[in-house]
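Encoded as structure tokens, the structure appears first; notes follow it.
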Amino acid sequence: MKLSVLVLITALAVALSIALVNFHFQQSWYYLLVSFGISFATSFILFYYLLEKYIYSKIKLIYKLIHNLKLGKDLKDALGEYVSSDPINDVEQEVKEWAGAKKNEIDLLKKQEQFRKEFLSNVSHEFKTPLFAIQGYIETLQDCLLDDPEMAVKFLQKAEKNVERLSYLINDLDSISKLESGEIPIDYQKFDFVLLAKEVMEGLEDKAKKRNISLSFKEKYTHPAFVRADREKIRQVMINLISNSVKYGKERGSTAIKIFELHDQYLIEVTDDGIGIDEKHLSRLFERFYRVDSHRSREVGGTGLGLAIVKHILEAHEQIISVRSTLQIGTTFAFTLQKLG
């Protein structure tokens, strides 16, 4: 409601009350009209002045501050000063929207703070495990280097494996950091995804055979599927997804790659028939270091960053990845790539 309308209604109410009281005692229509006119004019002027000076001007200032905060400096400069015709109603709406936005911002900050704490804790744990192992092996080496050379060689080999694990961890963290900051450019090119998928499967065939897991590509999708993407980064995506299915799939199981042709994209699925993943874990599966089964993850190796890297690579391509899984049935990772004719 505008200030003038608000003051008008208030002045009318006051003037009418005074006029009716005057008519009750004077019993004169003349005095009723005179008292109504004088009290209306006086009330209107007085109320308008008081409300404008002590209330309305402050409401307009609050509205202006909130409005400018919502716009931001750049947008405010571009649009210029904005004056609301009805700041009383507008400030209520602005405050509600502003309060809602701030609440969402605070909730997001709390989630980010929790994520930061978990991330630092996980990083610390991931680094400490191989470092303590290396330290232990070196201390043992010092004791048995001369007395038992064969044992010393075994400890050296174990220390070397932990150094490699540290190296992989640092490289993966560096890759994620560069992908997030855009330091690693996406080298778009046209290539046949079917050919790339076969290359990756051939490279991982020995690893799959150790667990009696078969890797297959559906026959009806053996014709070329040309996509526009960074070939080497998509190779990394496929390596990470298939390696995961081999690591966490059941022995004598299978992993299959499927391609579905959409309007302007290909949908690629990597499906295994492993133990599956509980639904409560799916929303966090692409977080750094998040592990469904920490004990088993440590046994099979890996840095815990593979799926996070996959997500960042596909987001850099402006594509999406999703996961669906059923316990004791299997898991499917699905992602899209831009199709070329």
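Values quoted throughout were computed directly from the atomic coordinates according to the rules given, and no laboratory measurement underlies them. Quantities reported herein were computed from a predicted structural model and do not represent experimental measurements. FYI the Cβ positions are ideal-geometry reconstructions off the backbone, even for glycines, and counts take in every protein chain you see.
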Charge dipole (segment 132-201, unit charges on Cβ, about Cα centre) - positive-most of N162, L173, P149: L173
Pairs from K190/K210; K161/K207; K53/K102; K207/K250 whose Cα-Cα separation, in the structure shown, is over 23 Å: K190/K210; K53/K102
Dipole magnitude (debye, nearest 20) for segment 162-273, charges at Cβ of Lys, Arg, Asp, Glu: 420 debye
Three semi-axes of the equivalent ellipsoid, segment 181-286, Cα gyration tensor, whole Å, largest first: 24, 18, 15
